[in-house]
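Below: one structure, written as structure tokens.
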Amino acid sequence: MWGNPANPELIQIPAGQLYLVRPNSIKGSRECIFPDAVATIRRTGVDFQYQLVVTRAYDEGEEQLLEEDAETDDERVFLLDESLGFRFGSLEGHSTCSWSDLSGDEGDLWEFVSAQTVPKPTNSLFEMTLLNCIYERKHNQSHENASEEDLAALKFQSESANLAATDSPAVNEDTFKDVPVLATTSAELYMFDTVSDMFVIQEKEVVIEIALNGPFETWVVVRNNSTPFITLPIDDDMNARFDMDNRAFMFTFRATEDLPAMTWCLRFDLDSFPTWKEQFTIYMWEAKNRSTYSKIKPDEQRYIQEAYEDVEMGEADDDINGEAEEDDQSDGDTSVAALTDSEDDDPSLRGLAQGSKNQHLTVGYKDDLSYVTRGDMIGVFAQKDNRMRFKTTIDRVRDLQGNTLTPKKVMLHNQDTEMLLLDADHQHSVMRMDLEYGKIVDEWKVSDDVPVSNIIPESKYAQMDPQQTFIGHSHNGIFRIDPRVSGNKLVQSQFKQYATKNDFSTAATTDSGKLVVASNKGDIRLFDQIGKNAKTALPPLGDPIIGVDVTADGRWLVATCKTYLLLIDLLIGDGRYKGSLGFDRSFPADSKPVPKRLGLKPEHAAYMKDAVSFTPA
């Protein structure tokens, strides 16, 4: 990286093939030298001098099988100089980089063919870095002084010398040339280096555009000297983050699912950063909600803008850190490993560990037991000596007709003696399992017309009491369920049905029975009781909420989305109802709570192979 002199490697293409092309040879015009290769641009010990190093890559164990005298021929090194005549193109969809073989016959070329798994921005940045290195050697000065024309002049100019196999446009073809541009500004460009664990500068100035690629489909386009080399849609997979103190915008880019994300940073000047933040937030919201931002109320706009502001987590108190360290030390070798303990070598456990993955977890309060569902089986675990120990398996869960039942939702009930289950084949019913016998003993028909999407306790700790009623919701209705009534169990007097499809996804209750309901649209509603309108409705950010929880006193709420958590203080801080909770009173229009958006930093995502995907907190 240019900004990290301690790192000898500027940039690397991690996968490709090296060929020697001899168009005039009777032995054949194309010979594969390294079927698996890595191309690296390295510093030398001399200022403004760089090398292109192509190294053979081995599969695990392959290198040990080769003879020792063959190991010295696994690397090709080239001093980067204009005389090599570098040219760039593509071959059957693969990016290529070719240069003259100065020790061979006239017309002979070396060619590195990048693997399709290598992200397009990596290939583009490799080309730009290589040309910058040649510029520095030729002019004996920093590439920061180079213009676009200077770098273009360093490429091989003769069209006749291009590879015959190059059959498609260059990698850097501008696919956004005729796309409407909604916003444009400039910034410094950095890339996160996982070796040095720091952001290092790539370009002093790049142009950033927000381009409209379709209705509510906007893209970020980063251009270097008018050439686009980072293009990605504005969506939550960007893992975008604003650093207010440093006027920086960070994001991740993942070209394919099997490659780690690349983390980039744009650093703006003092005047342009607020405008960029506001514009990006607007287009992100519009892309998620498929709606025009200007149509929503000003107080909702403030709520959305504030949700994207970065919140630095404060340092924990020393005594808390000490307790955490003691806990870590006390755990020692007693980590959670219930499914691999030799002392738990039980046939039922081995059956549970095969086939389906863990799907649902519910934890009991009375007997300190935990229940994990896998397909039509339920594993029962007990806590002992700071670890989870397998206890038994409830195998082959069946409904009252003997049909296989795969739970999509489970909830402990009636002092942890019963488990209530929902499944896809009984959309209007709730199954009751007697945990002493491990069998379904009842099917409660809730309604003929209203499906049951989710169930939650009457209050936060209701499962500890002999409470019979509980709460359910469909995609657009909220209701109380009472298994003691005859016929259908839905209590009509405590049923709130919405005319529009709200797409409710999850819910939770406080200790006093106040209710929070969230949706796949991203909005959150707070109710003081069932059957009435919500006291507070928090506007959607546009991401589906897959989980929600609230503290027993109703003060704090946490909502889980795919790539982040939202932490919201529900205490009204201003106005007539100052000191009340959002469950009891509506927030003033000019004093809605500021959501704290908690997520992985983009630089941390650079270490991850898989995309960020949270489970409910």
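The values are calculated or read from the model by the stated rules, or taken from the named source; none is laboratory data. What you see is a predicted model, and the numbers here were worked out from it, not measured in a lab. No Cβ is skipped: glycine too gets one built from the backbone with ideal geometry, and neighbour counts run over all protein chains shown.
Couple of notes before you dig in:
- Residue match in region 178-189 (condition: outside the structural domain of T122 (by TED's automatic domain parsing), buried (at least 20 other Cβ atoms within 10 Å of the Cβ) and in contact with a helix residue (DSSP H, G or I) (Cβ under 6 Å, 6 or more places away or on another chain)): no
- Any hit, region 126-140, residues being within 30 Å of D108 (Cβ to Cβ) and at pLDDT below 85: no
- Those strands (runs of 3 or more DSSP E) lying entirely in region 203-297 with at least 1 residues farther than 24 Å from L598 by Cβ and out of contact with any Pro (no Cβ under 9 Å at 6 or more places or on another chain): 217-224, 227-233
- The set of residues in region 488-518 that are part of a loop (DSSP other than H, G, I, E, B), basic (K, R) and buried (at least 17 other Cβ atoms within 10 Å of the Cβ) comprises K489, K514.
- Residue list for region 136-153, filter: in a helix (DSSP H, G or I) and under 38 Å from the mean Cα position of the chain (by Cα): H143, E144, N145, E148, L151, A152
- Unmet criterion (only one of (1) modelled with pLDDT of 85 or more; (2) among the hydrophobic types (A, V, I, L, M, F, W, C); (3) surrounded by fewer than 18 Cβ atoms within 10 Å (Cβ to Cβ)) for F583: (3)
- Odd one out for A559 among (1) under 22 Å from P457 (Cα atoms); (2) surrounded by 21 or more Cβ atoms within 10 Å (Cβ to Cβ); (3) in contact with a Ser or Thr (Cβ under 8 Å, 6 or more places away or on another chain); (4) not acidic (D, E): (3)
- Residue check for T227: within 21 Å of the chain's Cα centre (by Cα) and of a type in the set (S, T, Y): no
- Within region 503-514, the residues that satisfy the criterion of being without any contact (Cβ under 8 Å) to a residue 60 or more places away in the chain and in contact with an Asp or Glu (Cβ under 8 Å, 6 or more places away or on another chain) are A508, T509, D511, G513.
- Qualifying positions in region 597-617 - hydrophobic (A, V, I, L, M, F, W, C) and in a strand (DSSP E or B): L598
- L526 being at pLDDT 95 or above and either in contact with a strand residue (DSSP E or B) (Cβ under 7 Å, 6 or more places away or on another chain) or not aliphatic (A, V, I, L, M) (or both): yes
- Evaluation of T292 against (1) farther than 30 Å from F587 by Cα; (2) out of contact with any Ser or Thr (no Cβ under 6 Å at 6 or more places or on another chain); (3) surrounded by fewer than 16 Cβ atoms within 10 Å (Cβ to Cβ) (one fails), failing number: (1)
The rows are residues; the columns are (1) outside the structural domain of M238 (by TED's automatic domain parsing); (2) under 14 Å from the mean Cα position of the chain (by Cα); (3) modelled with pLDDT of 90 or more.
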residue	(1), (2), (3)
G547	yes, no, yes
C561	yes, yes, yes
D574	yes, no, no
A589	yes, no, no
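- Search result, residues across region 366-377 that are touching a residue at least 40 places away in the same chain (Cβ under 8 Å) and under 35 Å from the mean Cα position of the chain (by Cα): L369, Y371
- Selection status of L20, assigned by TED's automatic domain parsing to the domain that holds L154, at pLDDT 80 or above, in contact with an Asp or Glu (Cβ under 7 Å, 6 or more places away or on another chain) and not in a loop (DSSP other than H, G, I, E, B): yes
- Filter result (outside any strand (DSSP E or B) and among the hydroxyl-bearing types (S, T, Y)) within region 526-567: T551, T563, Y564
- When region 141-173 is filtered for residues that are of a type in the set (S, T, N, Q) and either at pLDDT 80 or above or farther than 19 Å from A39 by Cβ (or both), the ones remaining, listed by number, are Q141, S142, N145, S147, Q157, S158, S160, N162, S168.
- Among all residues of region 439-456, there is none that is under 28 Å from K391 (Cα atoms) and hydroxyl-bearing (S, T, Y).
- All of Q401, Q383, Q415 fail the test of being under 20 Å from P451 (Cβ atoms) and either of a type outside the set (F, W, Y) or in contact with a helix residue (DSSP H, G or I) (Cβ under 6 Å, 6 or more places away or on another chain) (or both), apart from Q401.
- Extreme residue, nearest to S124 (Cα to Cα), among residues of region 205-251 that are touching a Ser or Thr at 6+ places or on another chain (Cβ under 6 Å) and among the β-branched types (V, I, T): V221
- Taken as a whole, the condition of being aliphatic (A, V, I, L, M) and without any contact (Cβ under 8 Å) to a residue 60 or more places away in the chain does not apply to L538.
Let's see how each residue does on (1) of a type in the set (K, R); (2) at pLDDT below 85; (3) assigned to a strand (DSSP E or B):
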site	(1), (2), (3)
S98	no, no, yes
L102	no, no, no
D105	no, yes, no
V113	no, no, yes
Q116	no, yes, no
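- Region 580-596, residues that are out of contact with any Lys or Arg (no Cβ under 9 Å at 6 or more places or on another chain) and outside any loop (DSSP other than H, G, I, E, B): K596
- Qualifying positions in region 460-487 - in contact with an Asp or Glu (Cβ under 6 Å, 6 or more places away or on another chain) and either part of a loop (DSSP other than H, G, I, E, B) or over 28 Å from D376 (Cβ atoms) (or both): K460, Q467, T469, H475
- Residue in region 105-154 that is surrounded by the fewest Cβ atoms within 10 Å (Cβ to Cβ), counting only those that are small (G, A, S) and touching a strand residue (DSSP E or B) at 6+ places or on another chain (Cβ under 8 Å): A115
- Lone unmet requirement of (1) in a strand (DSSP E or B); (2) closer than 14 Å to L369 by Cα for I440: (2)
- Against the conditions (1) of a type in the set (V, I, T); (2) surrounded by fewer than 17 Cβ atoms within 10 Å (Cβ to Cβ); (3) over 20 Å from S272 (Cα atoms), V200 satisfies every one except (2).
- Residue selected from region 382-414 under the condition within 25 Å of I456 (Cα to Cα), of a type outside the set (S, T, N, Q) and in contact with a Ser or Thr (Cβ under 6 Å, 6 or more places away or on another chain), by the criterion surrounded by the most Cβ atoms within 10 Å (Cβ to Cβ): P407
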